[in-house]
Amino acid sequence: MDTSYKKILTVQDISCVGQCSLTVALPILSACGMETCILPSAVLSTHTGGFTGFTFRDLTDDMPKIADHWQKEKISFDAVYTGYLGSARQIDYVKRIVSDLMKPDAPFIADPAMADAGKLYYGFDDAFVAAMARLVAVSDIALPNITEACFLTGTEYKETYDESYIAELCRRVCALGAKTTVLTGVSYREGRTGVVVYGRDGMSYYEHERISKGCHGTGDVYASAFVGAYLNGKTIYDAARIAADYTVSCIKETQGDPDHWYGVKFERLLPELAEAIRNG
Ligand code: PXL
């Protein structure tokens, strides 16, 4: 049997237009060579970051029924990766699914997609943040940006900071229960940004160029590429580095096209990601 062929479950919304969540995770994970099963948390006409008047169909009530069916069929997963979720109640179902449907020792990776640039996304409140903190608490790897880490841990958000602020922020996310924290968007100097990996083995930093501030959809591209690389046997640090390089390439591919403000053009660079995973 080919034990390197993994069956992963990803739980996040379908934003029909907008290059985020499942329309990003599914192609990226597939390109990384994984059977990718999905549990959609909601269906939106677009994402909520810049469009107005979008539709939102909450799928919370379908989730336990879908999970029950999978259990009857004895379906289980080699990994679970969660992203944008629709409601606090839904997060509690997701917690149950994670514990019921994962194979023993399968990693759970939680991207608490809920905030950026110091602010929560449209529609989220303190109760949602508290529920997300409960989910992050049972994760093997949490993938917050700085804003999300601040909300999760009740830490003051800062635009400029030093290494001790970042170390304390990561320590607090791990104190919630996450075994490793991969903190994105950590910039100590002009024109550079990077990602911090903080866990049992200490803290390390991968720095790379910063092309622009807060490009939409890059968090989901980053998280999906990270999961794809990690489940292919890369170390957490190498997966964080490969995902960062891929995300930078996607931003470069997109910059200069003002009509494409809502996401990044990640598709044509998928062969580059697959190659980095093979050889990087
Ligand atoms: O990229 C994160 C994301 C996912 N899904 C929806 C969103 C956002 C960010 O705004 O609105 C629906």
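Residue by residue through the stretch 23-38, note down the ones that are among the polar types (S, T, N, Q) and more than 16 Å from the ligand (Cβ to nearest atom).
Of the stretch 23-38, the ones among the polar types (S, T, N, Q) are 23, 30, 36.
Answer for the stretch 23-38, where residues must be among the polar types (S, T, N, Q) and more than 16 Å from the ligand (Cβ to nearest atom): S30, T36.
Among the residues of the stretch 61-109 satisfying the criterion of being assigned to a loop (DSSP other than H, G, I, E, B) and aliphatic (A, V, I, L, M), which is nearest to F124 (Cα to Cα)?
L85
Tell me, please, whether a residue that is polar (S, T, N, Q), more than 16 Å from the ligand (Cβ to nearest atom) and not in a strand (DSSP E or B) can be found in the stretch 214-229. Quick ask: steps written out before the conclusion?
Initially, the stretch 214-229 is screened for residues polar (S, T, N, Q), giving 218, 224.
Checking which are more than 16 Å from the ligand (Cβ to nearest atom) leaves us with none.
Checked the stretch 214-229: no residue is polar (S, T, N, Q), more than 16 Å from the ligand (Cβ to nearest atom) and not in a strand (DSSP E or B).
Just need a number here: residues in the stretch 39-58 that are more than 9 Å from the ligand (Cβ to nearest atom) and surrounded by fewer than 17 Cβ atoms within 10 Å (Cβ to Cβ).
Within the stretch 39-58, residues that are more than 9 Å from the ligand (Cβ to nearest atom) and surrounded by fewer than 17 Cβ atoms within 10 Å (Cβ to Cβ) number 7.
Residues I109, I66: which one is crowded, with 23+ Cβ neighbours inside 10 Å and closer than 30 Å to G33 by Cα? Steps first, please.
Numbers: I66 fails: crowded, with 23+ Cβ neighbours inside 10 Å.
So the residue among I109, I66 that is crowded, with 23+ Cβ neighbours inside 10 Å and closer than 30 Å to G33 by Cα is I109.
H260 is checked against (1) within 16 Å of the ligand (Cβ to nearest atom); (2) at pLDDT 95 or above; (3) under 20 Å from the mean Cα position of the chain (by Cα); (4) not charged (D, E, K, R) and fails just one. What number does that condition carry?
Condition (3) is where H260 drops out.
With the requirement that a residue be within 25 Å of I66 (Cα to Cα), modelled with pLDDT of 95 or more and charged (D, E, K, R), what does the stretch 100-138 give you?
K103, D111, R134
Output the residues belonging to the stretch 229-276 that are of a type in the set (D, E) and either in contact (Cβ under 8 Å) with a residue 24 or more places away in the chain or surrounded by 19 or more Cβ atoms within 10 Å (Cβ to Cβ) (or both). Talk me through it step by step, then tell me what you get.
In the first step, residues of the stretch 229-276 are kept if they are of a type in the set (D, E); the result is 238, 245, 253, 257, 259, 267, 272, 275.
Across the stretch 229-276, the qualifying residues are D238, D245, E267, E272.
Of the residues L120, L85, L101, only one is buried (at least 22 other Cβ atoms within 10 Å of the Cβ) and not small (G, A, S); which? Talk me through it step by step, then tell me what you get.
Values: L120 fails: buried (at least 22 other Cβ atoms within 10 Å of the Cβ); L101 fails: buried (at least 22 other Cβ atoms within 10 Å of the Cβ).
Result: L85 is the single residue among L120, L85, L101 that is buried (at least 22 other Cβ atoms within 10 Å of the Cβ) and not small (G, A, S).
Only residues in the stretch 27-40 that are at positive phi and in a strand (DSSP E or B) count as the first member; pair them with residues that are at pLDDT below 95 and of a type in the set (D, E), Cβ under 6 angstrom, at least 6 apart or cross-chain, and list the lot.
none
Among what's in the stretch 5-22 and is crowded, with 21+ Cβ neighbours inside 10 Å and among the hydroxyl-bearing types (S, T, Y), pick the residue that is farthest from the ligand (Cβ to nearest atom).
Going through the qualifying residues, I end up with T10.
The values are calculated or read from the model by the stated rules, or taken from the named source; none is laboratory data. Worth saying up front: this structure is predicted, and the values here are computed from it rather than measured. So basically every Cβ, Gly included, is an ideal-geometry build from the backbone, and we count neighbours across all protein chains shown.
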